[in-house]
Amino acid sequence: MLDLKRQYSPLQQELLEAVGRVLDTQQFILGEPVAVFEKSAAEQLGVAHALGCSSGTDALWLALAAAGIGPVDAVITTPFSFFASVSAILRAGATPVLADIDPATFNLDPAAVENLLDGPLGKQIRAVLPVHLYGQPAAADFFRRIAREPALTVIEDAAQAWGAESGGVKAGGLGHVAAFSFYPTKNLSAAGDAGMVTTNSDEIAERVKMLRQHGMRRRYNHDEIGWNARMDGFQGAILSVKLKYIAAWTDARRVVAERYHELFTAAGLAEAGPYPTRGIVLPHQVPGTRHVWHQYVIRTPRRDELREFLTARKIGSEIYYPVPLHLQEALKPLGYKEGDFPEAERAAKEVLALPIFPELREDEQQTVVAAIAEFLS
Ligand SMILES: Cc1ncc(COP(=O)(O)O)c(C=O)c1O
């Protein structure tokens, strides 16, 4: 699925030197290495503030808490994402309200969001949390429009979307505040857990800084209940090195995605979407957006059989995500049931992520496509 060693090998010396410098300064938590990364990250994303923290999950919680979302507030998000998109809302003390996805992009369906905003819960809804799933921005025009409503905060879950764009604006600057993850499998990855909050709001940025340090503005004076959610110096140093290469890696991912598209189309396997009948539906790219291909996800009706077939041939694949969030045991108290979000439920049965990373070779892609052709024949 992903061979991180191919990224590490050419960078080994540079990374070891960066880690060595942190050891020399003995600044292990926040400090200079994180400040340097934050400055370059903000510049690259075109946002006023980028604040390093301990994980993408903590970044989501910090974004929500810093935006003032808490008990009595409701937050709209998607049932088709990683668990943290919903659990962070609960951690902030608020109530997640789910809306179904668009079957072509797997991202929140603007019409479903609009229905909730116009419905009986409308007044309680204080925020909307779109997830840029697989690296493609969620309906950015729509979310930018609702971000202009004074009563609503738009919080991007950009964990999978470093460098993604819509209308020339990068993810991280499309809403009021955004959360990134640098989990080791992400496009821009740390050597452990790390995350970041971005915002153009001075006020939110100031609150994130306070909340990630136990609510401290002045040492040992706690203004609010924050948490320990700081970034390690090692992670800041490593991310600063990788930040120099991420644009080239993203370009390489886009080449890999384009090549899959060509190979599948040439093999006559691609069907018109959004639902597959016998073959496979290739990922849909929304015009005007720049997809960064965190995942290359096809849809196919005999997904589990295909996955077994690929596994037997030592070809990696993964299911993101096999159980929609409204059907998770831990989220039963939200009161949802099977059938509530048919698009998310169907996607969970049909999606399959294929190997994609910048260093993936053409012959390896040909092997993947040939195996899928063999299965379907
Ligand atoms: C969409 C999404 N949101 C949130 C997270 C949480 O990030 P982390 O694993 O860094 O806590 C992830 C990554 O795992 C993710 O993919």
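Considering the conditions (1) polar (S, T, N, Q); (2) within 16 Å of the ligand (Cβ to nearest atom); (3) over 19 Å from the mean Cα position of the chain (by Cα), N221 is excluded by exactly one of them, (2). Cβ-Cβ distances below 7 Å connect the following pairs, each with a first residue in the range 269-294 that is in a loop (DSSP other than H, G, I, E, B), a second residue that is of a type in the set (S, T, Y), and a separation of six or more residues or different chains: P276/T300; P283/Y296; H284/T105; V286/T105; G288/S166; V292/T250; H294/Y134.
Taking the numbered list (1) buried (at least 19 other Cβ atoms within 10 Å of the Cβ); (2) in a helix (DSSP H, G or I) in turn, E374 passes all entries but (1).
Here is a check on your reading of the model: is S54 among the hydroxyl-bearing types (S, T, Y), more than 16 Å from the ligand (Cβ to nearest atom), touching a Lys or Arg at 6+ places or on another chain (Cβ under 9 Å) and in contact (Cβ under 8 Å) with a residue 60 or more places away in the chain? Criteria not met by S54. The set of residues from the range 192-209 being in contact (Cβ under 8 Å) with a residue 60 or more places away in the chain, out of contact with any Cys (no Cβ under 8 Å at 6 or more places or on another chain) and closer than 19 Å to F28 by Cα comprises D193, K209.
Give me a count of the residues in the range 353-366 that are open to solvent by less than 80 Å² (accessible area, probe 1.4 Å) and either under 15 Å from T277 (Cα atoms) or out of contact with any strand residue (DSSP E or B) (no Cβ under 7 Å at 6 or more places or on another chain) (or both). So the count comes out to 8.
Out of all the residues in the range 68-79, is one or more in a helix (DSSP H, G or I) and out of contact with any His (no Cβ under 9 Å at 6 or more places or on another chain)? Within the range 68-79 (the criterion being in a helix (DSSP H, G or I) and out of contact with any His (no Cβ under 9 Å at 6 or more places or on another chain)), the answer is no, since none of the residues qualifies.
Filtered by the rule that a residue be more than 10 Å from the ligand (Cβ to nearest atom) and of a type in the set (A, V, I, L, M, F, W, C), the range 153-195 gives V154, I155, W162, A164, V169, A171, L174, V177, A178, L188, A191. Residue count for the range 1-34 under the criterion of being open to solvent by 50 Å² or more (accessible area, probe 1.4 Å), in a helix (DSSP H, G or I) and hydrophobic (A, V, I, L, M, F, W, C): the result is 2. Every listed requirement among (1) within 23 Å of the chain's Cα centre (by Cα); (2) more than 16 Å from the ligand (Cβ to nearest atom) is met by Y296 save one, (2).
The values are calculated or read from the model by the stated rules, or taken from the named source; none is laboratory data. No experiment lies behind these values; they were computed from the predicted model shown. Virtual Cβ from ideal backbone geometry, glycine too; neighbours counted across all protein chains shown. Side chains are part of the model used for accessible areas, which takes the heavy atoms of the whole protein and leaves out ligands, DNA and RNA. Shrake-Rupley method; radii C 1.70, N 1.55, O 1.52, S 1.80 Å.
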